[in-house]
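Report on the structure given below.
The values are calculated or read from the model by the stated rules, or taken from the named source; none is laboratory data. Treat the numbers as computed from the prediction; the structure is a model and nothing was measured. Positions of Cβ are generated from backbone atoms using ideal geometry, with glycine treated the same way; all protein chains shown enter the neighbour counts.
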There are 2 protein chains.
Amino acid sequence: MIPSHQLRASNMNPIRVFIVDDHPMVIEGLQNMLRADSAFELVGHAMSASSCKGFFVGQFADVVLLDINLPDESGIQLCRYLKNLSPSPHILAISSFDSGTFISDMMNHGADGYVMKNVSKEELTKAIFAVTQGRHYLSHDANEKLKAEKNRREQMPVLTVREKEVLQLIASGLTNAQIAEKLFVSVSTIDSHRKNLLAKLHANNTASLLRSASENFLLTSEK
Amino acid sequence: MIPSHQLRASNMNPIRVFIVDDHPMVIEGLQNMLRADSAFELVGHAMSASSCKGFFVGQFADVVLLDINLPDESGIQLCRYLKNLSPSPHILAISSFDSGTFISDMMNHGADGYVMKNVSKEELTKAIFAVTQGRHYLSHDANEKLKAEKNRREQMPVLTVREKEVLQLIASGLTNAQIAEKLFVSVSTIDSHRKNLLAKLHANNTASLLRSASENFLLTSEK
DNA sequence: AACCATATCCCCCTTTTATGTGATACCGCT
DNA sequence: AGCGGTATCACATAAAAGGGGGATATGGTT
């Protein structure tokens, strides 16, 4: 089978690539990988989200290689911003983290593809061609992680806002009485919430409750 | 004041640089930063610890730019290995993580310097010159983190092996009775250990105990 | 030999949690 | 008007954990 990127006709306009990453060496590395290939035209780069917004990226780039971790703003939000431009560029997310949460968030905010920073030149070009043609591209690892993440979210117990609130306060070390006082309700109420939390998280004491909560990323304010 | 790297005489032998990183684009980026400067000679690179050991790095490199996160083996262990060679190269650790634990571990295993992956060309060359001259180099951020880490380790409560063992079992959700059974001791003993843990970690219930333990990285088997 | 940290065990008592089985009220949806 | 989910509160009992006090044995250090 012929690799997709070899199907590209040589007389087409080059794909205009814009890079957003706060690591100079990553920018250099990406540019180096693409410079030699006449299929690409490097139209610029930004090292922060705000800087990126200063360019008319939508106007003169076909694809943005977007790092998830930027100093000023999450790449996830920048992704949404870029996708709301018109015309909007295709987005290929590039990250050193293969956390399923990140991948899922990025794709849900409009990214067209996701590759790790340890990507080879071959895979990178393949990914860029894919997203510029309107297809999605996920590296093998990213795909696996995404599936696992979807699975996790389905399995994840559904807590009410009040329950999450109580859970946080339990985790912070307060007793039921202290929580009740803080929330201006009776101790019985907190007792109930606690019972429901134990049941929903399949726990039978505080320690296993917190363990289970932590495994499901229920602490650290994931609303 | 004249930057140290300008003090270098132009007739000196170039500094032989070897790169270890599993990210092709980082390798490209680093090489690109250094290639133009005649003070450096790029003598090769490896993308894994085992591959690195296949080269006679000690023989023909003055400095190794070493990523902490390698696919097969921790960069920390590779660092120790390289430092035990003779002659041994100078090591400049390069990481995308500024976790104090990593920095501290790296420096304790013989690294001569530590910079983040978002390092500029100027700082990188400065760091390389420093370590090849036998001096240590820490980026400003790394230095701050290292100090904070030292402070943390001093403040950290000292637990006995038995206490750590009990702590782990508590965190896993077992009751005192279950722990006692598992360790073949009486419940009273676990009761005592638990009391001591509460006192040492300034906690007054299971939740705050686990919270405090987590803050001190006492879970996740840091012996 | 005296000291100290560690690990083991015990008693007493109080507070907090865990478990069960309710009830009432509000809200949004059908 | 009825249903389901959420939040609130209550009563009761049992189990577990928190907070004092102490005792004994062991191994290593000084």
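Taking region B:135-160 as the search range and keeping residues that are out of contact with any Asp or Glu (no Cβ under 7 Å at 6 or more places or on another chain) and among the hydrophobic types (A, V, I, L, M, F, W, C), which one is farthest from B:LEU210 (Cα to Cα)?
Residue satisfying both the conditions and the ranking: B:LEU138.
Quick check on B:GLU215: is it closer than 24 Å to A:LEU198 by Cα, at pLDDT below 95, more than 11 Å from every other protein chain (Cβ to nearest Cβ) and away from DNA strand C (no atom under 12 Å from the Cβ)?
yes
From the list A:LYS121, A:LYS150, which one is more than 10 Å from DNA strand D (Cβ to nearest atom), within 30 Å of A:LEU65 (Cα to Cα) and within 14 Å of chain B (Cβ to nearest Cβ)?
Just one listed residue meets the conditions, A:LYS121.
Quick one: is B:LEU201 touching a Pro at 6+ places or on another chain (Cβ under 7 Å), more than 10 Å from DNA strand C (Cβ to nearest atom) and either within 14 Å of chain A (Cβ to nearest Cβ) or not polar (S, T, N, Q) (or both)?
Yes: the conditions hold for B:LEU201.
Looking only at region B:159-169, decide whether some residue is within 30 Å of B:TYR114 (Cα to Cα), within 11 Å of DNA strand C (Cβ to nearest atom) and of a type outside the set (Ser, Thr, Tyr).
No, the conditions are met nowhere in region B:159-169.
Among the residues of region A:161-178, write down those that are farther than 16 Å from A:SER208 by Cβ and within 14 Å of chain B (Cβ to nearest Cβ).
Result: A:VAL166, A:GLN168, A:LEU169, A:SER172, A:GLY173, A:LEU174, A:THR175, A:ASN176, A:ALA177, A:GLN178.
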